[in-house]
1. To the nearest 500 deg cm²/dmol, what mean residue ellipticity at 222 nm is calculated for chain A from DSSP H runs of n ≥ 4 alone, each contributing -39,500 (n - 2.57), summed and divided by the residues?
2. For the protein assembly as shown, with all protein chains present and a 1.4 Å probe, just round the carbon and sulfur fraction of the accessible area to a whole percent.
3. According to a simple spin-label model (label point 7 Å from Cα along Cα-to-Cβ), what is the distance in nm between B:MET59 and A:THR20?
4. Any chance you could look up the accessible area of A:MET188 with a 1.4 Å probe, heavy atoms only, rounded to 10 Å²?
5. Residue by residue through A:89-97, how many Cβ atoms from other chains fall within 10 Å of the Cβ on average?
6. How high is the FRET efficiency between B:VAL225 and B:PHE247 when r is their beta carbon distance and R₀ equals 35 Å, given to the nearest 0.05?
7. Work out how far the C-alpha atoms of the protein assembly as shown reach from end to end along every principal axis, then list the three figures in whole Å, largest first.
8. Kindly point out which whole DSSP H helices in chain B project their C-alpha atoms 24 angstrom or further along the helix axis while averaging a Kyte-Doolittle hydropathy of 0.5 or above.
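The values are calculated or read from the model by the stated rules, or taken from the named source; none is laboratory data. Just so we're clear, the structure is a prediction, and the values are computed from it rather than from any experiment. Virtual Cβ from ideal backbone geometry, glycine too; neighbours counted across all protein chains shown. Keep in mind that these areas ignore ligands, DNA and RNA; they rest on the heavy atoms of the full protein, side chains included. Shrake-Rupley method; radii C 1.70, N 1.55, O 1.52, S 1.80 Å.
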Amino acid sequence: MTDPGPPIMQLVGVGKTYQTRDGKGVVALTPSTLDIQAGEFLSIVGPSGCGKTTLLNMMAGLIAPSSGSIQIAQSAGTAPRIGLVFQRPVLLPWRRVIDNVLLPVEVMGLAPPEAYRARALELLAMVGLEGFANAYPSELSGGMQQRVSIARSLVYDSAVLLMDEPFAALDAMTREELNLELLRIWKMTGRTIVFVTHNIPEAVLLSDRIVVMTPRPGQVREIVPVPLPRPRALSLMGDPDFGAIADRIRGMLRPAGAALAA
Amino acid sequence: MMGERTVSALYAGGTLVFVLLTWQFAVTVLNVPAYFIPAPTNVVTALIRGRDLYAAHFMVTLWSTLVAFGVAFLLALLLGALVSEVRFLERTLYPMLVALQSMPRIALAPIIIVWFGFGPTSKIVLGILSAFFPIFLNTVHGLKVVDSDQIALMRSFRATRSQIFWKIKLPNALPFLLAGANIGIIFAILAVIVGEFLGANKGMGYLIVNQSSQMDTPGVFANIVLLSATGLVFHYGLQALRNRLLFWASGSEAAGTSA
Ligand SMILES: Nc1ncnc2c1ncn2[C@@H]1O[C@H](COP(=O)(O)OP(=O)(O)OP(=O)(O)O)[C@@H](O)[C@H]1O
Ligand SMILES: [Mg+2]
């Protein structure tokens, strides 16, 4: 991590204004510039409505920016594929859990199918859904559905994984377990993760850097590095350095800060 | 304990028995002639006595209905898919078809017989015209109400348009497609019967006209009983298919269209 190398994704002056019915338009994101390093774990925190989902959707290529440009580095072999975990589960209700997890494999035509099937079952076990492979989404709770969508995003290898508040619907225990699991997968696969969250300790525990955004219309306010040693365990949360970083971010997000920015 | 469904069936069956008994009683007591309103027993007798005749004509009507419905269904599915996928057709063909939908198709029957003659073709064409629109409009609607997040998900996998169509749009449209089919099959029977009224020498519509002219009212009623039973079989058949295929859709009954 000493030499960051060239960024895997470069956002230059990326902004978004949504067209609205009254024709005025809503500024969802004020032009922002951001480099994402290959292999880093980057979190984005900011108040609700500041444009985090919008930013992620633009990175995923799902919506076009109104201004600026997004450059994605072409890796030597395969083109970098982007994985995306939506803020809500977005499962296909007519498919069993296992077939939902295998949807990307099917769409991308990845082979061999049996290997991916085994992997899907492994991932389901990892997110605590062993034995639910043949259930239908309607038979699962909201948090369980979200875990299916996490398994689905991990079943194929993407150079960059974009996660939009993936753990927001989970209980604290499951959330901590999945945090550690995500760190393990991140280390094992060496992929880049961009992770949106409202939970400051979670962001500090996971990230190399944390992007703090201003209230809506959002903008990158500051990028906070997290120079805590890895591998990280939950016990790190009691560490004074950990607390100091968390407090600093909390200070930036406090309503007083919002009043200052306004 | 009896299940909810058994209880419902008992209520419906009980009501039917009550209506039939009242009917039988009223007709007997008031001495209504059979050619005016036949008693239920007269209808049953007619049905049993003429069973070979009814079977033969019934098969003709059933066959024409199924052919008309099948063609209408495939045509509606194909055009529905094209209209919802191809922007140009959505702007040209779709408004055209929506406008045609408000035309009373049954009123075309005489002219269709002029065009296609007295053979089975006329009534099948009439059946197709009638069954097509409810299926088509429901299909187009169903293909459009798709969840935009599901599309975004597929696009994040770099899915092709055809993958999005087959894996997302079509399954999403299925409840609407089946609701359209439910209306379409009833329209098809109706149109085939009308076609047989006007120009046929076979089928239940022909039989009804023939029996009416001979004052064979019990015979006409026997036809109607058979046709109603067929309609019910289609309805419940599609319902069963719906329950099998659409266990995942939470009771989203699609809107129908006018005749
Ligand atoms: N499709 C859209 N059309 C119009 N406005 C939109 C649209 N999507 C989002 N917005 C607006 O853009 C702003 C940013 O929305 P976005 O969903 O990116 O926020 P967010 O930071 O993800 O919020 P949250 O933390 O609540 O998920 C909001 O003010 C919202 O009203
Ligand atoms: Mg969001």
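1. Value at 222 nm, helices only, nearest 500: -10500 deg cm²/dmol.
2. C and S atoms contribute 64 percent here.
3. Modelled inter-label distance: 6.8 nm.
4. 130
5. Taking the mean over all residues of the peptide, I get 5.
6. 0.55
7. Ordered largest first, the protein assembly as shown gives principal extents of 101, 58, 51 Å.
8. Once both thresholds are applied, what remains is B:4-29, B:51-85, B:120-144, B:170-198, B:217-245.
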